[in-house]
Structure formats: C-alpha cells, structure tokens
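FYI, it's all coordinate maths here, none of it is from the lab. Note that this is a predicted model, so its numbers are computed, not measured. All Cβ positions, even for glycine, are placed from backbone atoms using ideal geometry, and neighbour counts span all protein chains on display.
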Amino acid sequence: MAIDSKHWQERLELLADKHGVPGANLAILAGGDIGEAAYGVLNKRTGVETTTDSLFQIGSISKVWTATLVMQLVDEGLVDLDQPVVTYLPDFKVADPDVTRTVTTRHLLSHTSGIDGDHFLDTGRGDDCVEKYVASCATLKQNHPLGATMSYCNSGYTVLGRLLEVLRGQSWDAILRERLFAPLQLTTAGTLPEEALLHRAAVGHITPPGGDMMVAPVWGIFRSAGPAGLIHATPREVLAFAQLHLADGAAPDGTRIISAKSARAMREPQVVVPDPYTLGSHWGLGWILMNWDGRDVYGHDGGTIGQSAFLRIEPESGVAVCLLTNGGHTQDLFRDLFNEIFGELVGIQLPARPEPATEAIDVDLDRYAGTYARESIEITLTRKDDVLQAQLKSTGPLAESLGREDDVPPLDLRPVKDNVFVVRQPGDESWTPMVFFSLDDGSEYMHFGARATPKVS
C-alpha cells in the first residue's frame, strides 16, 4: 500500500494551521512502509522548524511501553497478573488497607484499582525517584471500590514501574532502554531532558484562559511519573513499537520481545469504560480498545505540559498512525486528520463524538448539581436557571508548578441524553463528554476525561 507522503504533508499543514497547532509530526504505517510529514515550529520563541526527525513527548502512550515490560515479567513467570501487588512489593501501601492487601497487577494495568490516580509529586531526579513516589502513595484514597469500574490511574503505572525495578534490579529508565529501545533499534527515544537536548526537541505551548498561546513554563513532568508518561520519541519510533504489537510481540529482526499470548492478552477487554465516547469502549492490559465502523482498533493518547500525542492501530489492515503535537486545538486536529487517513487507507471513520441534543429534553438538572472531586481536580456543578455550569479547579503539586488555579471560566453543560452532557472549552470545535453513572452501592459519579470522579457533596 503506497503512502502519498506529499499529500499527507499538505493535509497536515492545512489542518494544523486551521486548528492553531504550532508544530506537529506525523508518521503513517501501511503495507510495511512508513510515510512521514512535519509542520510548523518546535518552539514559538526560537522559531526552530519541525522536521520528521524531531522529538516530541509521547506522554501516556508510555504506559503501553511499561505494560509491555510487565508482560515480559509474566512471560518469565516472575509475575502473576492476579496475585496481589504486595506479593512483589511488600512495602506498597495505599490508604485503604483492604486495597493494599488485594489490588493486583491486572487492576493496575487496566485502570480498575480505584486508587486516586492523578497524584503528581516531584521526588527528585535520582534513580530512587520512583521508589520514593511509591512510598508517598500510602495516603492515596479510593476514587471507587476496587474493580467496581474504570478510572484512569497514573499513579498505578508508576507503581508498575517500581514493580519492574524491584524484580529487574535496575531503574525503569534502564530497563526500558535495554528491553525495548535496544531490540527495536531506537536511536533517539529517551526519558530524560538531557537526552532530548541531543536532538531537535519540541517544547509545549499552553493558552491561559483569556490569554495568548505561550511557551509552557516547564519542559516536562516530574521524573517520578516516568513509567506513566515520560518517553520522548519521533513518530517513526512510536510506530516501531506499534509494529511490535502488530507482529504479536516480535521485533522486525524476529527477536521475541514478548510472547504472542501476552501481546494478544494486552488487547483483550478487561473493563467497560463508562464514557465510551472520549477514548474507547473498553480497556485492555494497557491498550485502549475501540470499534470504528465495525473494525477493532486499539491505541493510546498522551498529554504532558502543552504536548499531545495520538496513536491508533487497525490490526486487520496493518495500518498504524502516530501524531505528535506541541499545543493548540490538538483534539480537533487529531480527529480531522485521522478521519482522512483511516478513511482513505482503511475505509473506516472515527465514531462521532456526542453533541448537544437538537430538541429540548427533560433532564433533572438538580440531580447532577454538586461537587465532584478527586486528586488534582475539583468540579463544581451549579444550576443557573435551566443550565448546569461547571467550574473546574486544578489542585495539587502539578497545578502549583504551573501557577494554575481555575483552569477555565465556568462551562455550560449541554444535555445529550439523560445521563450524558457535553462541554466545550473556549475556542474548541469539538465537545467533551461528561457521563454520569452510579455504582451498585448507589454512589454517584461523573466520568470525565477518562476518570471516575465521585460526587462528594
């Protein structure tokens, strides 16, 4: 399948400009070949041009790399996915003693632990940063009961990073380089800023509420979040990782990195996602699972400080696409561009995102009013006449490092159906879902941004 790189270069330029994205890097895998395109600048302050060999932060796509390393442990008989984590990490602890005693590696891989996951803490730059971070998890409370639903959990993946460190006797970074970067023959991927400085590296851009786009005040997230989101790479290198999974765990030279059984297990549904609109309908052991026009697709997104990353893989056709960006309306660019690419190469489209109902619907707004809170965010819903308004407030160390308080002005919630609303950030074209649901015990939740956020008042 020939890839028309010139065509996709033109489409990337047009769409990135349309959506106010400063710089973007694209790679497309089809028929065993890779086509590439680049747009814009890596840094609006310096004006350095984006090229196809430029590095971007891939954010939480890193989680699937960590999950792959964990599945190597499973292949070697060093880890049983359904044994408690404390079997391997005796010092691991969270606030709930029953969860401490029973949470498993499978729970952490599939984001079903219920542990409050947006715990970002700077524990230094040393090789002991992950160990120190896991010790700090002792105070983390539950977003939801163990295994009751799915809520995206960054902290769980850092715990998995510590699991790797203890069983391998090396830092997560060293394990990653030795067991994935080296066999995949990646030459520019890394985890530390001093590694990125050896190459053309993007910086993030943020747009404060009511302000103009600016270079982000810091380059990357804390090193302690490495196993959850610290890899930087080119799109071509991310597609080398995608090819590994398309080949059910074998590197291009035939080297077996994980077993075919483990590679396939990573794509098996583990839990239904309450909000099937934002990312996917189910979660696997690392991968997000989705269905586009009747075809199975898997992938992952990543977001760091002003950088956004997108990876989608359609296994039947062998087509995979990676887009890395450094600010602007990246979701809109992703949806427009991937619809075109997968439409032309595979004949499928992304599922439409929900939009406000076109006719008036009878919704009990008072039922949803109140405060919903978890680590790093507080969301207050207030009824204003016939409209619900949401005030989002970031909390915690990461918000403090960015000097942020309220992320956005109050947002109006527009009903889609009884338990589904959508909001739109200023300047965005697409709507973001808020899905309300209850657990079997009657506790009320909002699923927003892939997180289950409990109603606290």
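Values for this structure:
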read-out	value
The stretch 216-276, relative contact order [Cα under 8 Å, separation at least 6], %	16 percent
Test item: Cα-centred dipole of the chain, Lys/Arg +1 and Asp/Glu -1 on Cβ, debye	640 debye
Cα-based Kirkwood hydrodynamic radius, the stretch 171-316, one decimal, Å	17.0 Å
Order by protection proxy (mean Cβ within 10 Å, highest first), peptides 242-251, 222-231	222-231, 242-251
Helix-derived mean residue ellipticity, 222 nm - over the chain, DSSP H n ≥ 4, -39500 (n - 2.57), to 500	-7000 deg cm²/dmol
15 Å beta-carbon shell around Leu42, net charge (K/R +1, D/E -1)	+1
Global geometry of the stretch 365-454, whether rounded, prolate or oblate, following the gyration tensor of its Cα atoms and the 1.5 cut on a/c	oblate
Per-peptide average of other Cβ atoms within 10 Å, ordering 281-287, 172-178, 359-365, 326-332 highest first	326-332, 281-287, 172-178, 359-365
Phi-based couplings in Hz for the stretch 55-64 (Karplus 6.51, -1.76, 1.60; Gly and Pro marked x)	8, 10, 7, 8, x, 6, 4, 4, 4, 6
Cβ-placed point charges (K, R +1; D, E -1), dipole of the stretch 365-454 about Cα centre in debye, nearest 20	120 debye
J(HN,Hα) series, the stretch 77-88, from Karplus relation 6.51 cos²θ - 1.76 cosθ + 1.60, nearest Hz, glycine and proline x	x, 8, 9, 9, 4, 9, 8, x, 4, 5, 4, 9
Relative contact order, percent, the chain [alpha-carbon distance under 8 Å, six or more residues apart]	18 percent
Set of lysines with alpha-carbon distance to Lys132 below 21 Å, sequence-local pairs under 8 removed	Lys63, Lys93, Lys141
Per-selection Kirkwood Rh - the stretch 64-119 (Cα, Å, 1 d.p.)	11.8 Å
Fewest-first ranking of Arg200, Arg353, using other Cβ atoms within 10 Å as the exposure measure	Arg353, Arg200
Using alpha carbons only: equivalent-ellipsoid semi-axes of the stretch 1-62, gyration tensor based, whole Å	21, 15, 10
Under 24 Å from Lys417, Cα to Cα: lysines that are on another chain or at least 8 residues apart	Lys384, Lys455
Residues whose placed amide H lies under 5 Å from that of His447, excluding near-sequence neighbours	Val435, Phe436, Phe437, Thr453
Net charge of Cβ neighbours under 10 Å - reference Gly449; Lys, Arg +1; Asp, Glu -1	-1
For the stretch 175-260, the fraction of alpha-carbon pairs in successive 10 Å shells from zero, as %	15, 39, 28, 13, 5, 0
Descending semi-axes in Å of the chain, equivalent ellipsoid built from Cα gyration tensor	30, 28, 22
Summed side-chain charge close to Glu76 - residues other than Glu76 whose Cβ falls under 14 Å, Lys, Arg +1, Asp, Glu -1	+2
Projected-area mean, the stretch 263-363, by convex hull of Cα positions, square nanometres	8.3 nm²
